[in-house]
1. Looking at the range A:56-83, which of its residues are of a type in the set (A, V, I, L, M) and under 15 Å from A:ILE20 (Cβ atoms)?
2. Can you name the residue in the range B:46-74 that is under 12 Å from the mean Cα position of the chain (by Cα), within 10 Å of B:MET32 (Cβ to Cβ) and not hydroxyl-bearing (Ser, Thr, Tyr) and, of all such residues, is surrounded by the most Cβ atoms within 10 Å (Cβ to Cβ)?
3. Would you mention how many residues in the range B:1-35 are touching a Pro at 6+ places or on another chain (Cβ under 7 Å) and part of a strand (DSSP E or B)?
4. Quick check on my filter: what residues within the range B:59-114 are more than 14 Å from every other protein chain (Cβ to nearest Cβ), in contact with a Phe, Trp or Tyr (Cβ under 9 Å, 6 or more places away or on another chain) and not in a strand (DSSP E or B)?
5. Return the total of residues in the range B:1-21 being in contact with a Ser or Thr (Cβ under 7 Å, 6 or more places away or on another chain) and within 11 Å of B:ASN75 (Cα to Cα).
6. Can you name every residue in the range B:35-56 that is within 11 Å of chain A (Cβ to nearest Cβ), touching a residue at least 12 places away in the same chain (Cβ under 8 Å) and farther than 16 Å from A:TYR87 by Cβ?
7. Tell me which of these A:VAL78 doesn't satisfy, since it passes every other one: (1) over 11 Å from the mean Cα position of the chain (by Cα); (2) crowded, with 16+ Cβ neighbours inside 10 Å; (3) at pLDDT below 95.
8. List the strands (runs of 3 or more DSSP E) inside the range A:37-111, counting only whole elements, that have at least 2 residues being free of Cβ contacts under 8 Å to residues at least 24 places away in the same chain and more than 8 Å from chain B (Cβ to nearest Cβ).
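The values are calculated or read from the model by the stated rules, or taken from the named source; none is laboratory data. On a predicted model such as this, the values are computed, not experimentally measured, just so you know. Positions of Cβ are backbone-derived with ideal geometry, glycine not excepted, and every protein chain shown enters the neighbour counts.
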Amino acid sequence: LAKTTQPISMDSYEGQEVNITCSHNNIATNDYITWYQQFPSQGPRFIIQGYKTKVTNEVASLFIPADRKSSTLSLPRVSLSDTAVYYCLVGTEGSARQLTFGSGTQLTVLP
Amino acid sequence: DTEVTQTPKHLVMGMTNKKSLKCEQHMGHRAMYWYKQKAKKPPELMFVYSYEKLSINESVPSRFSPECPNSSLLNLHLHALQPEDSALYLCASHQTPGLNYEQYFGPGTRLTVT
């Protein structure tokens with residue numbers, strides 16, 4: 001399984017850009033990188049997915065270096081409502097690889 | 001409709017009870033999943049259904065029995081559970097098995113086994 005490593009927790013202030021890095025040294029050629037956000041007592045919510053270089057949507061950006069051994073989720077101008085746990089997943093759909101959540105990063109946004 | 005619904009929201013059951021969790025989606029998704037999540041832990045995959053057939057069983061004890069009666073519905077039948085089975089049970093769906101799209105998660109069922 002493609003094991004992922006993330007910081008356990010991060011603090012930020014409102015309006016700042018937050019970057020959360022995920023390490024996945026044994027990523028396979030077909031693996032995609034996916035990030036989810038989860039609030040307490042709710043199901044995870046998809047944020048972004050990518051394979052290489054940079055992906056951007058209305059919520060976040062995902063930066064993936066050429067060796068793909070890590071990825072960085074970038075949240076621009078966070079607000080208090082972005083306080084949540086962020087999970088990085090690496091794998092390929094159709095196998096259990098993509099469906100293994102890492103330990104997650106608790107992001108706390110302070111006023 | 002981009003929603004996965006789960007019922008009930010909360011369930012308390014004794015160790016000798018039989019109960020079922022229900023999950024429904026009407027997005028035409030053909031992959032559906034059950035996850036178990038303990039407090040302050042990440043979700044753990046339990047079962048995957050692809051085109052209404054069980055494709056992945058992550059060595060889940062037989063006291064958990066999944067069922068996929070049709071492409072919109074997923075059940076999890078519970079029998080003789082243990083207190084350590086208390087957790088949030090999440091259902092998710094995905095558009096097309098084998099292709100990399102996002103999973104849509106339901107809000108979960110909070111299960112307490114007494």
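1. Start the filter on the range A:56-83 by keeping residues that are of a type in the set (A, V, I, L, M), which leaves A:59-60, A:62, A:64, A:66, A:73, A:75, A:78, A:80.
Within the range A:56-83, A:VAL59, A:ALA60, A:LEU62, A:ILE64, A:LEU73, A:LEU75, A:VAL78 meet the criteria.
2. B:LEU74
3. Qualifying residue count, the range B:1-35: 4.
4. Passing the criteria: B:SER71, B:LEU81, B:ASP85.
5. 2
6. Result: B:MET46, B:PHE47, B:VAL48, B:SER50, B:SER55.
7. (3)
8. Details: elements: A:45-50, A:53-56, A:61-64, A:70-75, A:84-91, A:105-110.
So the answer is A:53-56, A:61-64.
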